[in-house]
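Participant: Pasting in a structure now, in structure tokens, and then I'll have a few things to ask.
The values are calculated or read from the model by the stated rules, or taken from the named source; none is laboratory data. Since the model is a prediction, treat every value here as computed from it, not as a measurement. FYI the Cβ positions are ideal-geometry reconstructions off the backbone, even for glycines, and counts take in every protein chain you see.
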């Protein structure tokens with residue numbers, strides 16, 4: 001496999017804890033790649049509370065989720081981590097002692113000496129509308145993402161939602177589909193005003209339909225959608241014939257493939273040794289919200305601590321020939337050289 | 001202390017004491033009401049603490065803010081009495097509050 005990406009450590013999750021792990025590993029001359037399912041770094045800080053203040057980062061009285069992500073990116077810059085966004089790690093295979101082959105759903109393969117799982121609450125995945133029987137249509141005629149626009153050419157398409165994803169795909173798909181219907185629960189959209197105006201112009205010109213209501217029922221056979229029922233706020237139901245439906249209700253955290261990696265778990269969390277944060281599989285570590293141990297606190301600062309201890313153990317696997325000498329960034333010229341400050 | 005009652009979709013009733021100034025979401029988590037998820041921890045950014053306020057209490061809880069109304073777009077089966085429980089603060093006035101949780105929501 002010539003296109004395998006070789007690195008010392010692969011970090012799963014680019015939230016604050018995954019990002020800081022790059023720093024702690026970098027100080028020990030350990031090179032890293034990161035994979036994250038989101039299209040941006042920061043994890044929950046970026047997805048759930050970018051503008052909300054965080055008050056419990058030591059030494060920083062107040063910082064927003066977005067601010068913390070930015071500051072961490074600045075802090076780890078000297079170590080040049082390679083970040084792979086919009087991808088989910090699917091398998092971890094043991095191919096040496098320890099040497100791991102890790103694959104993603106985007107078809108990438110990594111080979112690394114250690115794997116660090118910093119996956120927080122799992123992976124962010126699209127919310128599934130609680131409509132009876134929707135599972136049967138998924139991947140066939142109900143889609144939570146558009147992989148190829150061509151798949152929708154000439155079809156009757158229903159898009160559901162009021163945010164930017166719903167509006168962007170409405171504007172992108174409208175020119176190529178047969179008929180587009182946008183369904184939203186209220187006649188008010190949180191998406192970018194420019195997109196809202198463009199959508200309203202298309203509706204006014206009769207090029208697409210806008211229905212105010214919520215999808216209550218699906219009709220079809222063998223996974224092929226034939227129509228959706230839409231209930232308005234007074235309970236009146238109308239039916240829209242369609243070939244495909246695209247619901248956009250944002251993301252929710254699901255554990256995802258973590259449970260399939262042969263790790264000892266408790267209540268969907270990974271059990272670790274508290275002196276190294278290593279799991280039951282040698283060379284696989286878990287830090288941050290995804291792990292559990294006696295006294296565990298799901299705090300960002302705990303995840304930072306866990307990353308520092310993890311790095312000490314990872315050093316044994318990556319540089320077995322080197323003796324690890326504990327040093328401080330304040331006084332060590334060697335560490336300061338790595339940080340690029342001397 | 002004021003009391004809040006949560007009625008789950010299957011009829012399970014939880015009547016619990018709520019601390020003044022805490023939110024209806026926090027009170028649910030502290031008392032293990034399983035149909036309040038609160039993925040974002042109270043940031044009004046995930047819509048997983050969705051409740052239906054009992055009609056008799058609508059006036060006292062008031063209407064959702066614009067931000068909350070926007071976030072309700074990411075919830076399902078939204079009704080006129082829908083609220084995100086992280087945005088309802090417990091006051092003396094709300095002693096006895098009754099909220100119902102949607103069938104799809106749960107941990």
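Participant: For segment A:184-210, what are the residues that are part of a loop (DSSP other than H, G, I, E, B), surrounded by 15 or more Cβ atoms within 10 Å (Cβ to Cβ) and at pLDDT 95 or above? Give the steps one after another, and end with the answer.
Facilitator: In the first step, residues of segment A:184-210 are kept if they are part of a loop (DSSP other than H, G, I, E, B); the result is A:185-192, A:205-208.
Those left that are additionally surrounded by 15 or more Cβ atoms within 10 Å (Cβ to Cβ): A:185-186, A:189-191, A:208.
The answer is A:185, A:186, A:189, A:208.
Participant: Of these, A:132, A:94, which one is farther than 30 Å from residue A:25 by Cα and in contact (Cβ under 8 Å) with a residue 12 or more places away in the chain?
Facilitator: Values: A:94 fails: farther than 30 Å from residue A:25 by Cα.
None of the others qualify; the one that does is A:132.
Participant: Does residue A:122 fit the bill of being in contact (Cβ under 8 Å) with a residue 24 or more places away in the chain, at positive phi and within 14 Å of chain B (Cβ to nearest Cβ)?
Facilitator: When the stated conditions are applied, residue A:122 passes them.
Participant: From the set of residues in segment B:39-71 that are surrounded by fewer than 21 Cβ atoms within 10 Å (Cβ to Cβ) and within 16 Å of residue B:106 (Cβ to Cβ), which is nearest to the other protein chains (Cβ to nearest Cβ)?
Facilitator: In this case the residue turns out to be B:39.
Participant: I want to confirm something. Restricting to segment A:234-245 and keeping residues that are surrounded by 20 or more Cβ atoms within 10 Å (Cβ to Cβ) and not in a loop (DSSP other than H, G, I, E, B), which single residue is nearest to the other protein chains (Cβ to nearest Cβ)? Give the steps one after another, and end with the answer.
Facilitator: Let us first name the residues in segment A:234-245 that are surrounded by 20 or more Cβ atoms within 10 Å (Cβ to Cβ), namely A:242, A:244-245.
Now drop any that are not not in a loop (DSSP other than H, G, I, E, B), which leaves A:244-245.
Numbers: A:244: 20, A:245: 14 Å.
Checked segment A:234-245; the qualifying residue nearest to the other protein chains (Cβ to nearest Cβ) is A:245.
Participant: Restricting attention to segment A:52-67, and to residues there that are more than 14 Å from chain B (Cβ to nearest Cβ) and touching a residue at least 40 places away in the same chain (Cβ under 8 Å), which single residue is farthest from residue A:335 (Cα to Cα)?
Facilitator: A:57
Participant: While we're on this one: Being touching a strand residue (DSSP E or B) at 6+ places or on another chain (Cβ under 7 Å), more than 14 Å from every other protein chain (Cβ to nearest Cβ), more than 30 Å from residue A:327 (Cβ to Cβ) and in contact (Cβ under 8 Å) with a residue 40 or more places away in the chain is the requirement here; does residue A:111 meet it?
Facilitator: no
Participant: Okay, moving on. Scan segment A:246-262 for residues that are at pLDDT 95 or above, within 14 Å of chain B (Cβ to nearest Cβ) and either in a strand (DSSP E or B) or more than 30 Å from residue A:90 (Cα to Cα) (or both) and report the count.
Facilitator: Going through segment A:246-262 one residue at a time, the tally reaches 1.
Participant: Output the number of residues of segment B:88-107 satisfying the condition of being within 14 Å of chain A (Cβ to nearest Cβ) and surrounded by 21 or more Cβ atoms within 10 Å (Cβ to Cβ).
Facilitator: 2
Participant: Being at pLDDT 95 or above, outside any helix (DSSP H, G or I) and surrounded by 18 or more Cβ atoms within 10 Å (Cβ to Cβ) is true for just one of A:41, A:17. Which residue is that? Lay out the reasoning, then the answer.
Facilitator: Numbers: A:17 fails: outside any helix (DSSP H, G or I).
Selected residue: A:41, the only one of A:41, A:17 that is at pLDDT 95 or above, outside any helix (DSSP H, G or I) and surrounded by 18 or more Cβ atoms within 10 Å (Cβ to Cβ).
Participant: Looking only at strands (runs of 3 or more DSSP E) that lie completely in segment A:72-183, which have at least 3 residues being at pLDDT 95 or above, under 23 Å from the mean Cα position of the chain (by Cα) and within 30 Å of residue A:281 (Cα to Cα)?
Facilitator: A:82-85, A:89-96, A:99-104, A:109-112, A:114-117
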